[in-house]
Amino acid sequence: MSETIVTGHEIEPKRISKARASIVPTLKDMFLLAAGVVSAGCGLESFLLPNGFIDGGVTGMSLLTATVTPVPLSVLIVVINIPFLILGYKHLGKTLAIRGAIAIAGLALAITFIPYPVLTTDKLLVSVFGGFFLGAGIGLAVRGGGVLDGTEVAAIVLSKRLGVSIGDVILVFNLVIFSVAAYLLSMEVALYSILSYMSASKTVDFVIDGIEEYMGVTIISTHSEEIRQTIIGVMGRGVTTYSGKRGYGKRGDHGDMDILYTVITRLEIAKLQSEIDHIDENAFVVMSSIKDTRGGMIKKRAHAH
């Protein structure tokens with residue numbers, strides 16, 4: 001009996017709406033959607049399907065249904081996604097629904113007509129690289145303004161109605177699939193499914209966000225004005241200044257001071273720290289990852305050297 005592995009994916013609202021300016025995809029969007037379809041098809045046909053593995057979400061539902069019915073997988077992927085696309089049309093707009101339908105139909109055609117080679121039968125490699133190609137496909141499709149799995153659409157709608165995060169909705173959905181896999185197949189299968197889930201999720205993050213992950217930086221220094229000018233002039237980033245008071249020290253030593261906040265990419269951390277150290281090596285710097293940014297001066301602006 002062939003073994004089955006389940007994976008799952010999480011997409012945030014801002015990611016699904018990346019390219020919703022028009023219903024008709026631009027040439028770039030069409031290329032991203034096509035590349036996403038080909039990559040996801042590779043993950044399925046070259047890794048998961050030949051080894052009896054199963055993906056999560058709607059794709060997982062389709063694969064499970066295909067094992068107990070004579071209906072082709074390509075048909076099930078389209079049919080089971082239809083209710084989710086309708087839900088997306090009502091709550092998230094027709095652009096997402098139409099582009100999602102194009103991507104899902106393309107995936108069904110890809111797994112039917114493209115002769116993908118079977119690349120490996122090793123469980124670990126299948127789990128990791130199957131998730132990798134699926135995640136790349138999902139990420140590319142999202143950058144093209146569509147989706148390859150209706151689960152994300154349902155998660156966004158339910159999160160708004162139930163007041164929970166999208167990740168929680170998808171986690172519960174996939175925990176059910178993981179539990180079914182563990183019960184019907186084995187615990188080993190469930191553990192491999194988690195590995196594929198992690199591989200796919202990290203790949204989605206990288207494809208959509210790239211290596212320019214944003215970091216929020218809070219800087220507390222008595223030389224705040226010099227640091228502010230350096231961030232603007234040298235780093236080319238915007239800065240927000242807060243009025244604060246020193247809280248550490250003896251009573252009566254709590255003078256006023258400016259607190260700086262800026263947003264940079266992870267690749268710029270070392271440069272910013274170096275610039276701060278040149279001005280005030282005793283500055284207190286707090287950094288944290290940022291999940292989402294909107295408005296303001298996020299992209300770098302040209303500056304004089």
Of all residues in the stretch 269-289, how many are more than 17 Å from residue 223 (Cα to Cα) and touching a residue at least 40 places away in the same chain (Cβ under 8 Å)?
4
Among the candidates 107, 171, 134, which residue alone is farther than 19 Å from residue 63 by Cβ and surrounded by 14 or more Cβ atoms within 10 Å (Cβ to Cβ)?
171
Run residue 115 past the list (1) in a helix (DSSP H, G or I); (2) at pLDDT 80 or above and report the number of the one that doesn't hold.
(1)
Residue 222: passes all of (1) at pLDDT 80 or above; (2) closer than 18 Å to residue 134 by Cα but (2)
Is it the case, given these coordinates, that residue 157 is touching a residue at least 40 places away in the same chain (Cβ under 8 Å) and in a loop (DSSP other than H, G, I, E, B)?
no
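Yes/no per residue for (1) crowded, with 16+ Cβ neighbours inside 10 Å; (2) in contact with a strand residue (DSSP E or B) (Cβ under 8 Å, 6 or more places away or on another chain); (3) more than 30 Å from residue 52 (Cβ to Cβ):
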{"site": "147", "(1), (2), (3)": "yes, no, no"}
{"site": "164", "(1), (2), (3)": "no, no, yes"}
{"site": "192", "(1), (2), (3)": "yes, no, no"}
{"site": "222", "(1), (2), (3)": "no, yes, yes"}
Go through the stretch 71-95 residue by residue and tally those that are surrounded by fewer than 17 Cβ atoms within 10 Å (Cβ to Cβ) and not β-branched (Val, Ile, Thr).
6
Residue tally, condition more than 19 Å from residue 179 (Cβ to Cβ) and in a helix (DSSP H, G or I), over the stretch 37-88:
32
Out of curiosity, is residue 244 modelled with pLDDT under 90, over 30 Å from residue 129 (Cβ atoms), crowded, with 16+ Cβ neighbours inside 10 Å and small (Gly, Ala, Ser)?
no
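The values are calculated or read from the model by the stated rules, or taken from the named source; none is laboratory data. This structure is a prediction, so every number in the text was calculated from the model and none was measured. Note that we place each Cβ from the backbone using ideal geometry, even for glycine, and neighbour counts take in every protein chain shown.
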